[in-house]
1. Determine the sum of side-chain charges near residue 67: Lys and Arg each +1, Asp and Glu each -1, restricted to other residues whose C-beta is under 15 angstrom from that of residue 67.
2. Anyone know which of 48, 58, 80 comes out most mobile in the 10 Å Cα GNM of the chain?
3. Take the solvent-accessible surface of the protein heavy atoms, probe 1.4 Å, and return the percent of it on the chain that carbon and sulfur atoms account for.
4. If 71, 31 are ordered by their accessible area, calculated over protein heavy atoms with a 1.4 Å probe, which sequence runs from highest to lowest?
5. Tally Lys and Arg at +1 and Asp and Glu at -1 over the other residues with C-beta under 12 Å from the C-beta of residue 121: what net charge comes out?
6. What is the set of long-range amide H partners of residue 57 at a cut-off below 5 Å, with H atoms built 1.01 Å from backbone N?
7. Can you give the accessible area per residue of the stretch 1-95, in Å², using a 1.4 Å probe?
8. Rounded to the nearest whole Å³, what is the per residue volume of the convex hull around the Cα atoms of the chain?
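The values are calculated or read from the model by the stated rules, or taken from the named source; none is laboratory data. Computed from a predicted structure; not experimentally measured. Cβ placement follows ideal geometry from the backbone for every residue including glycine, while neighbour counts extend to all protein chains displayed. For the accessible areas, the whole protein counts, side chains as well, though only heavy atoms, and no ligand, DNA or RNA atoms are used. Shrake-Rupley method; radii C 1.70, N 1.55, O 1.52, S 1.80 Å.
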Amino acid sequence: QVQLVESGGGLVQDGGSLRLSCAASGTISNIRRMGWYRQAPGKQRELVAVWVDGGSSVYGASVKGRFTITISRDNAKSTVYLQMNSLKPEDTAVYYCNLNRGTAIANIDTWGKGTTVTVSS
């Protein structure tokens, strides 16, 4: 069973930086996408950034140019990182790691428990 362990959230001032990490346990094949979504209080969950199999990345409009997603993969572990620069109070949210993988039957989504990012003004 795939498990995702997130780390790196915290409190930072307006304009500061944070780096989130998400490690996927086990040897996982057929990763299609891996990345980050966020949910602020009273709002829907939204895309932040995802790495797509093949090497491309997709970013939410509000974080383009400020956030960078990278991925590290070896035989035993896949880890995705989110470098967040020039943080704004509106970036305050719970950030969730997501892994989408293909199987013979269907594509399966796995979610982490979330890590909280708070940006103070």
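1. Numbers: positive: 19, 38, 64, 66, 88; negative: 46, 90, 91.
Counting the neighbours of residue 67, the net charge comes to +2.
2. 58
3. With neighbouring chains kept in place, the figure for the chain is 46 percent.
4. So the residues, ranked largest to smallest area, are 71, 31.
5. Overall, the nearby charge balance is -2.
6. So residue 57 has HN proximity to 52.
7. Computed with neighbouring chains in place, this is 54 Å² per residue.
8. About 100 Å³ per residue, rounded to a whole number.
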